[in-house]
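Data first, discussion second: the structure below is written as structure tokens.
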Number of protein chains: 2
Amino acid sequence: MTGVTIAEAAETVGLSADTLRYYEKDGLLLRPVPRSSSGHRSYGEPDLRWIKLVTCLRATGMPIRDVRRYAALVRDGEGNEEERLALLHAHRDSVLRELAEVTAHLGAIDHKIGIYEHKLELVEQSA
Amino acid sequence: MTGVTIAEAAETVGLSADTLRYYEKDGLLLRPVPRSSSGHRSYGEPDLRWIKLVTCLRATGMPIRDVRRYAALVRDGEGNEEERLALLHAHRDSVLRELAEVTAHLGAIDHKIGIYEHKLELVEQSA
DNA sequence: GTCGCTGCTGGAGTGCACTCCAGGTCAAGG
DNA sequence: CCTTGACCTGGAGTGCACTCCAGCAGCGAC
């Protein structure tokens, strides 16, 4: 087989081996990762590609539960593309809302930083 | 007094009354909120302004622990402005990194969405 | 053949940020 | 008076997403 070990997989996708096992147990993957004769996991290219997509979804704040639903849809095969698309669209919208909110709050923080910088500048001048 | 009740405060800052009590107990506020004769909290304008700043920090992902450190600095009074500024700068940087990462991952998701939309378009055409 | 390493499983533990609850106080309304 | 409702306190409980652990198996190196 051409698969890689869980340690290598963890390295390439940027997760811990524990997290990879956890994702698999929790139904976030498309299938149980194939095992070698000794029972060790052997990750193939498609497994790694899927896990990278999962990290995209997770890194943008999609809850585990929704990733599981999406994985289930993909597992079920063709015919439910609209549902998958709806799920991704909904997520995209929530990410955009979150980005807008964070950006707005960041503006307030920047303002605060500006105030402190101004204050410290004055101190420096008077010193 | 001119203060407002915890319910009103919760309403205006967008947190629950429980969370406001929790923040106070946990040292995220500049001082214990003043009480009425009957022991009820009475939030004044400065309290509300500070809590709004706290929500800015929290909404941008600053951990409770760091908010507490920042509150402690402000409580300690003038003289540590550089430290406060450093804390805010560090936070700002981490928020920017996070925004960049989320935006990048969002791009990948958008790409995925594009693929599905294209696929569904073809189906529609052939129908 | 035994040492060390990597991996396996099931399940317990952790950290974070709330959220909920029991049991009680107080003030106003009927 | 008695009830109702908002609030009080200390402390327990919750949900999420991991993270760690004990105990065991296979495998290559020495």
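Computed from the coordinates by the stated procedures, all read-outs in this text should not be read as laboratory data. The structure displayed is predicted, hence computed values, not measured ones. Please note: Cβ atoms are built from the backbone with ideal geometry, for glycine as well, and neighbour counts cover all protein chains shown.
Computed over region A:1-77, the Cα gyration tensor eigenvalues convert (square root of 5λ each) into semi-axes of 20, 14, 10 Å, ordered from largest to smallest. Using a cut-off of under 15 Å, list every residue of region B:42-78 whose amide N is near the label point 7 Å from the Cα of A:L122 along the Cα-to-beta-carbon line. Hits in region B:42-78 for A:L122 at 15 Å: B:78. Using the Karplus relation 6.51 cos²θ - 1.76 cosθ + 1.60 with θ = phi - 60°, the per-residue 3J(HN,Hα) values for region B:18-27 come to 4, 5, 4, 5, 4, 4, 5, 4, 8, x Hz, with x marking Gly and Pro. Counting only Cβ charges, +1 for Lys and Arg and -1 for Asp and Glu, the dipole size of chain A around its Cα centre is about 540 debye. Take B:G114, move 7 Å from Cα toward the beta carbon, and the resulting point lies 3.6 nm from the same point in each other copy, nearest first.
Placing a label point 7 Å from the Cα of A:R49 along the Cα-to-Cβ direction, no residue of region A:57-79 has its backbone N under 13 Å from that point.
Roughly how many debye, to the nearest 20, is the charge dipole of the protein assembly as shown about its Cα centre, given +1 on each Lys and Arg Cβ, -1 on each Asp and Glu Cβ, and no other charges? Show your work: numbers first, answer last.
Details: 34 positive and 40 negative charges, 180 e Å.
Around 860 debye, computed over the protein assembly as shown.
In a GNM of chain B with a 10 Å cut-off on Cα contacts, which of B:K112, B:K25, B:K52 has the highest mean-square fluctuation? Highest fluctuation among the options: B:K112. Think of the axis that spins chain B onto A; the B residue whose C-beta lies nearest it, and the distance in whole Å, is B:L99, 3.
Placing a label point 7 Å from Cα along the Cα-to-Cβ axis, A:G27 is separated from the same position in the other copies by 4.3 nm, shortest listed first. Once the Cβ-Cβ distance between A:E78 and A:E101 is put in as r, and R0 is 30 Å, what FRET efficiency do you end up with, to the nearest 0.05? The pair A:E78/A:E101 has a calculated efficiency of 0.25. Find out how many positive minus negative residues lie around B:V95, taking Lys and Arg as positive, Asp and Glu as negative, among other residues whose Cβ is under 14 Å from that of B:V95. Net local charge, B:V95 excluded: -3.
Cross-link pairs exceeding 28 Å in C-alpha to C-alpha distance, out of A:K25/A:K52; A:K25/B:K25; B:K25/B:K52; A:K52/B:K52; A:K112/B:K25; A:K119/B:K52, comprise A:K25/B:K25; A:K52/B:K52.
When the charge dipole of region B:1-77 is built from unit charges on Cβ atoms (+1 for Lys and Arg, -1 for Asp and Glu) and taken about the Cα centre, the candidate among B:I51, B:A7, B:A72 whose Cα reaches farthest toward its positive end is B:A72.
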